[in-house]
């Protein structure tokens, strides 16, 4: 009988900790569903009801058909922005990461240090100059105002640089170069297939960040037809007052697509992150 190493053994306390973490992670979503399926009177009780009511479908229909919210349009806008940003960040970050990791050019170390240094600055510092730039480009109140500033990020470049440096062996690139492959062919034929898993993770991170973004869309979007989900849901309160069920119903409907997405890609996300961590 093979003896389990001491560091691999689990104690009852580990299961208790995992159960507690799981509960704390799931409860906010469950509570949103409970609030959205009950009346304000039931929610205001002390202690409040922890059992879902039977009004969720009514509340969901009210959110979807709310005048001035355009929930379906906002959902489509959010998907368009999220997918566009995810694809763009993967492509541009991979290009830049490959250049910083494998190509020799003057000032390479300075530029990568400069890029990493920008990650230390609060993003709020750039809102005013970015708004002026977007206004001069006549992109205010368009989805381009959300997509263009997020085409590439310092985190994405740094992430892809580290992944490519760790996962793509120099010997493979040298062999391809000796066989006459050009730099673009090396990148698309060798580098991209190797970093496919990590690229998916970066794209998913970019999609989630774009989906949850609230401050910048609030500043640059003005027409309800151009709102993303996070901005559109803020219109529920001035139109219907302080209706907790309606507010939480909208929040739950905005979160549900992400939960469904995580069910399908959660394992791939974890394996991609761990793959980069182990090889890096």
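Coordinate-derived values only; no laboratory data. In this text the structure is predicted, and so the values were computed from the model without any measurement. Cβ sites come from the backbone with ideal geometry, for glycine too, and all protein chains shown count toward neighbours.
Residue 92 to residue 197: extension gain in nm, 0.36 nm per residue of separation minus the Cα-Cα distance?
36.2 nm
Starting from 0.36 nm per residue, how many nanometres of slack lie between residue 114 and residue 127 once their C-alpha separation is accounted for?
My answer for the length gained is 2.7 nm.
When all alpha-carbon pairs of the range 116-155 are counted, what percent fall beyond 15 Å?
Of all Cα-Cα pairs in the range 116-155, 46 percent lie more than 15 Å apart.
Decide, for the range 1-141, between rounded, prolate and oblate: order the square roots of the alpha carbon gyration tensor eigenvalues as a ≥ b ≥ c, take rounded if a/c falls under 1.5, and otherwise choose prolate if a/b is larger than b/c, else oblate.
Note, shape of the range 1-141 comes out oblate.
Against the longest alpha carbon principal axis of the chain, how many degrees, from 0 to 90 and to the nearest 10, is the axis of helix 154-167 turned?
Taking Cα atoms only, the helix is inclined about 50 degrees.
Could I have the simple spin-label model distance between residue 185 and residue 151, label points 7 Å from Cα toward Cβ, reported in nm to one decimal?
Output for this residue pair reads 2.8 nm.
Which residues does the label zone of residue 265 cover in the range 150-166, counting backbone N under 15 Å from a point 7 Å along Cα→Cβ?
Within reach of a label on residue 265: no residues.
How many nm separate the modelled label positions at residue 212 and residue 24, each set 7 Å beyond the Cα in the direction of the Cβ?
About 1.6 nm separates the two model spin labels.
At 0.36 nm per residue, and after removing the present C-alpha to C-alpha distance, how many nm does the segment from residue 138 to residue 174 gain when stretched out fully?
8.4 nm
Show log10 I(q)/I(0) for the range 141-233 at q = 0.15 Å⁻¹, two decimals, from a solvent-free Debye sum over equal Cα scatterers.
Debye curve over Cα of the range 141-233, log10 I(q)/I(0) at q = 0.15 Å⁻¹: -0.70.
Which angle from 0 to 90°, rounded to the nearest 10, does the C-alpha axis of helix 196-212 make with the longest principal axis of the chain?
Relative to the chain, helix 196-212 is tipped by roughly 30 degrees.
If you average the alpha carbon positions of the range 115-141 and of the range 179-237, how far apart do those two centres end up, in angstrom?
Distance between centres, Cα-based: 17 Å.
If you line up the long axis of helix 127-136 against the longest principal axis of the chain, both from Cα atoms, how many degrees apart are they, to the nearest 10?
80 degrees
Hey, what's the Kirkwood Rh for the chain if you take every pair of different alpha carbons, in angstrom?
Here the Kirkwood hydrodynamic radius works out to 22.2 Å.
Helix-only estimate, please: 222 nm mean residue ellipticity of the chain, summing -39500 (n - 2.57) across DSSP H runs of length 4 or more and dividing by its residues, to the nearest 500.
-21500 deg cm²/dmol
Starting from the exponent 0.38 and prefactor 2.2 Å, build the expected Rg for the range 90-173 from its residue count and divide its actual Cα Rg by it.
In units of the 2.2 N^0.38 Å rule of thumb, it is 1.31.
With each pseudo-label sitting 7 Å past Cα toward Cβ, what's the residue 13-residue 237 distance in nm, one decimal?
4.3 nm
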